[in-house]
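One structure is given below, encoded as structure tokens.
What follows is calculated from the coordinates using simple rules that are stated; it is not laboratory data. All of these numbers come straight from a predicted model, not from anything done at the bench. Ideal geometry is used to build each Cβ from the backbone, glycine not excepted, and the neighbour counts take in all protein chains shown.
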Amino acid sequence: MKAGAQVVAISTDDVATLKRFKEERKAPFEFLSDAGKKVVPHWSGTMPVVGVANRANYVVGKDGRILSVVEGSAAIDPTAAVDACAQAH
């Protein structure tokens with residue numbers, strides 16, 4: 001079955017930091033920088049005071065519907081999001 005969704009990480013970190021993080025984690029998906037905080041507030045929001053993105057995994061289907069959401073400490077491991085992509089139609 002062809003995957004019906006794709007994992008993409010969006011972070012308020014800069015590109016160089018995300019590149020290192022992706023390499024260290026051997027993450028099989030792309031990381032996008034939102035250092036200007038234009039996208040993050042519309043999805044997971046930012047943590048008060050420190051201003052970094054709240055951790056959340058969203059699986060968005062090809063039709064634009066959100067298929068799955070995992071937030072907080074449970075979102076540290078993206079395995080569930082990756083698996084949900086493989087199962088999406």
Based on the Cα gyration tensor of the chain, what are the three equivalent ellipsoid semi-axes, each the root of five times an eigenvalue, rounded to whole Å and given largest first? 22, 15, 12
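Normalising by the residue count of the chain, find the relative contact order in percent from Cα pairs under 8 Å and 6+ residues apart.
Across the chain, relative contact order equals 35 percent.
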What does the helix-only formula give at 222 nm for the chain: each DSSP H stretch with n ≥ 4 adding -39500 (n - 2.57), the total divided by the residues, and the result rounded to the nearest 500 deg cm²/dmol? -6500 deg cm²/dmol
Where is the GNM fluctuation largest for the chain (alpha-carbon springs, 10 angstrom cutoff): 15, 70, 50? 50
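In debye, nearest 20: dipole of the chain around its Cα centre with unit charges on the Cβ of K, R (+) and D, E (-)?
140
Among 17, 79, rank each residue by its count of other Cβ atoms within 10 Å, from fewest to most, as a rough exposure measure.
Numbers: 17 14, 79 9.
Neighbour counts put them in this order, fewest first: 79, 17.
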For the chain, what is the number of Lys pairs with C-alpha distance below 22 angstrom, counting only pairs 8 or more positions apart or on separate chains? 5
